[in-house]
1. Does the stretch 206-222 hold any residues that are of a type outside the set (A, V, I, L, M, F, W, C) and buried (at least 19 other Cβ atoms within 10 Å of the Cβ), and which are they?
2. Which one of these does PHE188 not meet: (1) of a type in the set (A, V, I, L, M, F, W, C); (2) touching a Phe, Trp or Tyr at 6+ places or on another chain (Cβ under 6 Å); (3) more than 16 Å from ILE74 (Cα to Cα)?
3. Those residues that are touching a Leu at 6+ places or on another chain (Cβ under 8 Å) and either surrounded by fewer than 19 Cβ atoms within 10 Å (Cβ to Cβ) or at pLDDT below 95 (or both), I need them from the stretch 239-257; list them, please.
4. What about SER361, is it closer than 25 Å to ILE196 by Cα, among the small types (Gly, Ala, Ser) and in contact with a His (Cβ under 7 Å, 6 or more places away or on another chain)?
5. ILE357 - would you say it is surrounded by 20 or more Cβ atoms within 10 Å (Cβ to Cβ) and touching a Cys at 6+ places or on another chain (Cβ under 6 Å)?
6. I want to confirm something. Restricting to the stretch 178-189 and keeping residues that are crowded, with 23+ Cβ neighbours inside 10 Å and not hydroxyl-bearing (Ser, Thr, Tyr), which single residue is farthest from THR296 (Cα to Cα)?
7. How about the stretch 304-333: which of its residues are of a type in the set (S, T, N, Q) and closer than 18 Å to ASN378 by Cα?
8. Kindly indicate whether any position in the stretch 294-312 is buried (at least 24 other Cβ atoms within 10 Å of the Cβ), part of a strand (DSSP E or B), modelled with pLDDT of 95 or more and touching a helix residue (DSSP H, G or I) at 6+ places or on another chain (Cβ under 7 Å).
Amino acid sequence: MTRTFRRTLLLFLLIVGVSAAVGAAHYALRGGSVLRGGTVAGLQGSGGALVEAARQRLAEVIPPNPFGRKTGGIRVYFAPSDGAGSDRIDAAFLDFLRSARRSIHGAFYDLQWAEAARVLAEKRGEGVDVALVCDSDYKDREAVKICLRAGIKIVFDGRSALMHDKFCVIDGERVWTGSTNCTENGMFRNNNNSLIVVSDKLAADYAAEFQEMFGQGKFGKSSPRATPYPQLTVEGVDVECYFAPEDDVYQEIEAEIEAARASIDFMAFSFTLRDLAKAMVRRQDDGVRVRGIFDTQQAASRYSQDEYLAEKGATIYLDRNPHVMHHKVIVVDGQTVVTGSYNFSKSAEEKNDENVIIIHSADIAKEYVREFEKLALN
């Protein structure tokens with residue numbers, strides 16, 4: 001055992017011990033309620049100091065990975081953007097659009113970011129086939145008008161339910177997906193995640209969903225179950241692809257929860273599905289560690305499951321972003337990541353147009369656990 005390995009192991013054991021202390025203090029200090037502003041911030045005395053020391057030492061031994069860490073054909077980005085260069089999520093998205101040579105097909109719930117709209121207009125001017133689907137609630141955005149003036153066809157859903165997707169397919173080969181809206185808030189203020197996946201099969205999945213909306217005008221419950229490759233492999237990584245409401249997404253997510261053997265970590269903008277919370281509690285009762293971060297504003301809803309999970313013994317944090325913690329992520333056993341546009345809500349499951357990707361990769365999961373720890377300890 002090398003000296004570096006021993007130091008890292010000791011640090012890991014320290015963090016595990018402190019985390020256990022934090023979890024124990026959760027109920028003792030607050031009587032089972034959710035800790036406002038984060039568990040660590042809520043503690044007084046040596047417990048919080050130990051966590052801070054462990055966090056600083058962890059940063060020295062394992063420095064944060066840059067945005068855009070690539071694993072095989074999958075690249076992960078987190079918002080809000082910081083740092084510099086093409087690894088920023090905003091720069092990565094613009095570069096993604098600029099890379100198009102034949103087609104850009106995007107389903108954007110809210111297209112508000114004018115800079116992205118100008119790039120779309122430029123690509124249209126270069127002869128690229130640019131076509132969009134957007135939610136009707138945001139059809140008067142100036143960014144939308146930029147695209148329309150450039151001759152880009154946009155199909156609006158025309159429903160009270162949401163066209164809530166946030167994805168883009170480039171040249172039938174590359175997919176951008178995740179929780180990030182094409183807005184300034186999405187890129188620069190809110191906590192979000194997005195992925196670029198290089199895969200013609202995954203691109204075919206998203207292209208089929210796009211054409212159902214753009215070409216056939218089928219939204220929500222009228223959308224057929226027709227995903228060509230719900231299970232596929234991307235450079236050795238097993239990936240699953242689903243769309244709501246037609247693909248019974250909740251059942252797929254619940255199956256991942258039920259398979260948990262060691263840990264469930266989640267980051268949820270909106271989490272109102274009691275059945276999903278109960279599934280997590282069942283795994284917790286069998287010894288699985290459950291931790292979650294809720295958006296503070298959404299947690300104020302009477303239907304939010306933060307209080308329920310905290311009362312059942314899960315370690316629950318409320319985010320400290322003055323804007324929005326917009327993730328819709330579950331990480332199981334540090335091996336599997338569930339992400340996409342799908343909030344953990346009945347509307348997402350039954351009414352809206354949503355997309356979900358499930359990635360079975362310890363390397364990808366590590367990136368999301370790192371994001372969880374950053375938000376929980378910040």
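The values are calculated or read from the model by the stated rules, or taken from the named source; none is laboratory data. Please read these numbers as outputs of a predicted model, since none were measured by experiment. Glycine gets a Cβ as well: all are built from the backbone with ideal geometry, and neighbour counts include every protein chain shown.
1. Of the stretch 206-222, the ones of a type outside the set (A, V, I, L, M, F, W, C) are 206, 209, 211-212, 215-218, 220-222.
Residues satisfying the conditions are TYR206, GLU209, GLU212, GLY220.
2. (2) is the only condition that PHE188 fails.
3. Matches in the stretch 239-257: GLU254 only.
4. Details: closer than 25 Å to ILE196 by Cα: yes; among the small types (Gly, Ala, Ser): yes; in contact with a His (Cβ under 7 Å, 6 or more places away or on another chain): no.
No, not satisfied.
5. Numbers: surrounded by 20 or more Cβ atoms within 10 Å (Cβ to Cβ): yes; touching a Cys at 6+ places or on another chain (Cβ under 6 Å): yes.
So ILE357 fits the description; yes.
6. The qualifying residue farthest from THR296 (Cα to Cα) is CYS182.
7. Of everything in the stretch 304-333, those that are of a type in the set (S, T, N, Q) and closer than 18 Å to ASN378 by Cα turn out to be THR315, ASN321.
8. Yes, the stretch 294-312 has at least one match.
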